[in-house]
Amino acid sequence: MKEFLITTRQTHTEDGYPLMLRYFVLVEKLSDNANNYGVRISEMERDTFSMAPGLTKNAQRILDLIDTLANGTVTPTGLADAIADWP
């Protein structure tokens with residue numbers, strides 16, 4: 001599986017500490033040469049991350065999801081809830 005950085009967001013924790021979030025697209029090559037796409041969010045300050053591989057075969061759809069996650073500054077701990085609400 002490969003991953004590609006799409007965007008970063010700088011925000012702050014509830015306590016006011018700076019928080020740098022990085023949003024990646026995950027790409028898995030399937031046996032039929034199609035791609036399966038997922039998301040990875042990493043939090044630089046705490047060196048934590050969360051992944052959701054294999055969400056869709058549609059590249060534009062995963063890029064739209066990453067845009068939504070980044071605009072909402074979704075953190076690694078919030079990824080599962082955000083994916084659960086994703087249509």
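Are any residues in region 17-54 closer than 20 Å to Ala84 by Cα and of a type in the set (Ser, Thr, Tyr), and if so, which ones?
Within region 17-54, Tyr23, Tyr37, Ser42, Ser50 qualify.
Among the residues of region 41-53, write down those that are open to solvent by less than 40 Å² (accessible area, probe 1.4 Å) and either part of a loop (DSSP other than H, G, I, E, B) or not acidic (Asp, Glu) (or both). Before you say what the answer is, go through the steps one by one.
From region 41-53, those open to solvent by less than 40 Å² (accessible area, probe 1.4 Å) are 41-43, 50, 52; that's our starting set.
If the condition is that a residue be open to solvent by less than 40 Å² (accessible area, probe 1.4 Å) and either part of a loop (DSSP other than H, G, I, E, B) or not acidic (Asp, Glu) (or both), then Ile41, Ser42, Ser50, Ala52 are the ones that fit.
Within region 9-18, restricting attention to residues that are in a strand (DSSP E or B) and without any contact (Cβ under 8 Å) to a residue 60 or more places away in the chain, which residue is nearest to Ile62 (Cα to Cα)? If you could, list the steps in order and put the result at the bottom.
Taking region 9-18 and keeping what is in a strand (DSSP E or B), we get 9-12, 18.
In the following step, the residues that additionally are without any contact (Cβ under 8 Å) to a residue 60 or more places away in the chain were identified as 10, 12, 18.
Working: Gln10: 21, His12: 25, Pro18: 27 Å.
Filtering first and then ranking leaves Gln10.
Hey, among Leu26, Leu79, Leu69, Leu21, which residue is surrounded by 16 or more Cβ atoms within 10 Å (Cβ to Cβ) and without any contact (Cβ under 8 Å) to a residue 40 or more places away in the chain? Break it down stepwise before answering.
Numbers: Leu79 fails: without any contact (Cβ under 8 Å) to a residue 40 or more places away in the chain; Leu69 fails: without any contact (Cβ under 8 Å) to a residue 40 or more places away in the chain; Leu21 fails: without any contact (Cβ under 8 Å) to a residue 40 or more places away in the chain.
Among Leu26, Leu79, Leu69, Leu21, only Leu26 is surrounded by 16 or more Cβ atoms within 10 Å (Cβ to Cβ) and without any contact (Cβ under 8 Å) to a residue 40 or more places away in the chain.
The values are calculated or read from the model by the stated rules, or taken from the named source; none is laboratory data. Worth saying up front: this structure is predicted, and the values here are computed from it rather than measured. Here the Cβ is made from the backbone with ideal geometry for all residues, glycine too, and neighbour counts use every protein chain on show. SASA here: full protein model, heavy atoms, side chains in, ligands and nucleic acids out. Shrake-Rupley method; radii C 1.70, N 1.55, O 1.52, S 1.80 Å.
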